[in-house]
Every structure is written in C-alpha cells, then in structure tokens.
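Below is one structure, written out as structure tokens; comments come after it.
The values are calculated or read from the model by the stated rules, or taken from the named source; none is laboratory data. Bear in mind the structure is a predicted one, so any value in this text is a computation, not a measurement. Cβ coordinates were reconstructed from backbone atoms using ideal geometry, including for glycine residues, and neighbour counts include every protein chain displayed.
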Amino acid sequence: MANVLLTFPEGKHKVLTMSYDDGRTADKRLVSLFNEHRIKGTFHLNSGLAGRNDRIPLEEVGEVYRGHEISAHTVTHPTMARCAKEQIVGEIMEDRKALESITGYPVRGFSYPNGSFNLQIKDMLPYLGIEYARTVASHGDFRMPDDFMEWNPTCHHNQNLPELAETFKQLNQRLRLHMMYVWGHSYEFDQDNNWELIESFCESIGNRDDIWYATNMEIVDYMKKFQQLRFSASMDLVYNPFYDSIWLEVDGTTVEVKGGSQMKLV
C-alpha cells in the first residue's frame with residue numbers, strides 16, 4: 001500500500017495566513033504592503049460600523065480588499081458570550097448579508113469579536129453558514145488547527161513576530177504541515193508607531209517559493225477537499241471530484257491530482 005500524505009499546493013509544506021479585524025482605514029496601507037510581497041490576508045469586518053470613526057465605508061470594501069478575503073465579524077461587535085442566541089443569529093446573518101452584497105461571494109469565515117465565545121456559539125456557527133472562526137488565543141507555534149471553529153493563531157503581530165518569522169522560514173522538516181497565522185488590527189501600527197515591524201516582516205517572509213500564501217478560507221477549503229478525495233481501498237487510485245487540484249506526496253514523490261480527474265498513485 002502506498003504511503004499517501006497531503007501537501008499544500010505544488011508540494012509545499014508551509015503556509016502563511018494573515019488575519020486582521022475591524023476594517024479601519026489603516027487596512028488600506030496593510031493591503032498594499034501584502035500585495036507588494038504576495039501575501040494573502042483575511043479581513044473581518046463589522047458591516048454596521050462601516051464608514052464610522054475611521055472605518056472603511058461599505059461601498060469601498062470590494063475594491064480595498066480585492067484579492068484578499070472578506071470575513072464576518074458581526075454587525076456591531078458585541079461580546080457574544082453575553083448575548084442571547086437570537087441576537088447572535090442576527091449579528092452574524094445580517095453581517096453576512098451586508099458583506100455579500102458588496103463582495104459578490106458567500107462570506108463563510110468569522111472571527112469572534114472581543115475574542116468572546118462559548119460552546120453554544122461554536123455549535124451554532126455551522127447552521128449560520130460559518131465554516132471557521134478565529135480566536136485571539138495565540139499558541140506561539142506552527143501547528144494546523146484541530147478545530148476550525150476554534151482556530152487559534154500563532155501570534156498577534158506584537159508577540160515575537162520577527163523571531164517566529166525566522167524560525168518559520170528555516171523549517172524544512174517534511175513530516176508535518178506547518179502554518180504561521182498572524183492576527184491583529186491594522187490601526188495598532190498607527191497607535192504603536194511601529195509600521196516598520198510589519199514592513200520588515202513582509203519583506204522578510206514574502207515572495208518565497210517554499211511558502212503557500214493563502215487566506216483563511218483558502219486553507220479551510222483545501223483541507224476539506226483533501227478529506228473528500230475518493231481513494232480506492234488499496235490506495236492505488238484517487239478521484240478528485242473538485243475543480244481545483246489537490247497535491248499529495250506519494251511514497252516521497254509530489255503528485256498533483258487535477259480537478260475532475262482520476263489517477264493511479266502506484
């Protein structure tokens with residue numbers, strides 16, 4: 001039987017994803033920086049607060065975040081663990097509707113406002129069309145998540161970012177997949193007067209051939225598609241029912257399983 005392992009696109013073993021909340025105007029500078037270095041970001045927005053107090057107006061959202069992911073963050077940014085379930089449903093669904101009217105695609109991601117959630121909220125999210133939810137509980141390493149509804153990031157950008165970036169760049173162990181997940185708020189760079197932190201990070205870690213740069217949703221979709229590949233019992237055949245390719249390592253050799261195709265693995 002072949003030893004078949006998942007890899008990221010093109011056989012890569014490392015992925016970088018960035019996650020920023022609240023939709024403040026500093027996002028424009030951050031998006032420009034990401035674009036310059038081929039880095040992908042996910043931006044979690046409060047549709048009911050758009051255009052207020054230095055927040056990007058809703059009508060500008062589609063253009064500002066072009067090429068990146070727009071994700072839900074509730075309409076008004078409440079502390080969700082203190083809310084009735086009816087309010088939770090409204091905050092998420094109305095946020096999705098408003099954002100989708102601008103983006104033109106289903107908004108399926110989420111980050112917990114104020115980092116507040118509980119088991120009841122987690123259990124509700126799939127029924128509200130949410131497929132992942134980011135916390136603020138940084139763990140400081142490069143593990144893949146066990147639970148996408150409680151997706152803990154590697155670090156906030158003020159938590160040892162340069163040191164973690166250097167460690168991540170030097171990882172070459174192929175037994176596991178590695179993810180660096182950075183979160184924060186772009187306005188913090190203005191408040192802390194430390195734009196050079198994220199600028200040097202992007203220059204250092206961007207435009208590398210050994211890293212997959214992906215949005216939060218792209219990672220979730222890729223992992224789910226792997227789980228739904230159709231393998232033969234003897235692991236010598238695989239069928240990919242999706243449009244996009246999934247990349248595997250078969251007995252140490254990188255293999256592209258193209259969308260809509262069936263192929264022999266051995």
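With respect to the conditions (1) under 22 Å from TRP151 (Cα atoms); (2) of a type outside the set (D, E, K, R); (3) crowded, with 16+ Cβ neighbours inside 10 Å, LEU119 lacks only one, and its number is (3).
Being surrounded by fewer than 17 Cβ atoms within 10 Å (Cβ to Cβ), under 18 Å from GLN159 (Cβ atoms) and not hydrophobic (A, V, I, L, M, F, W, C) is the filter here; which residues of the stretch 188-208 pass it? Across the stretch 188-208, the qualifying residues are GLN191, ASP192, ASN193, ASN194, GLU196, GLU199, SER200, SER204.
Assuming HIS77 fulfils every condition listed in (1) over 14 Å from the mean Cα position of the chain (by Cα); (2) crowded, with 20+ Cβ neighbours inside 10 Å apart from one, which condition is it? For HIS77, the exception is condition (2).
If you go through the stretch 129-147 one residue at a time, do you hit one that is of a type outside the set (Val, Ile, Thr), part of a helix (DSSP H, G or I) and assigned by TED's automatic domain parsing to the domain that holds ILE219? No, because not a single residue in the stretch 129-147 is of a type outside the set (Val, Ile, Thr), part of a helix (DSSP H, G or I) and assigned by TED's automatic domain parsing to the domain that holds ILE219. With respect to (1) at positive phi; (2) of a type in the set (Asp, Glu); (3) free of Cβ contacts under 8 Å to residues at least 12 places away in the same chain, the lone exception for ASP209 is condition (1). The residue of the stretch 238-251 that is surrounded by the fewest Cβ atoms within 10 Å (Cβ to Cβ), among those that are out of contact with any Phe, Trp or Tyr (no Cβ under 7 Å at 6 or more places or on another chain) and either under 20 Å from GLY184 (Cα atoms) or among the aliphatic types (A, V, I, L, M) (or both), is VAL250. Under the condition of being in contact with a Lys or Arg (Cβ under 9 Å, 6 or more places away or on another chain) and over 16 Å from GLY109 (Cα atoms), the residues counted in the stretch 61-83 number 1. For GLU196, are the conditions met, namely being more than 20 Å from the chain's Cα centre (by Cα) and of a type in the set (Asp, Glu)? Yes, satisfied.
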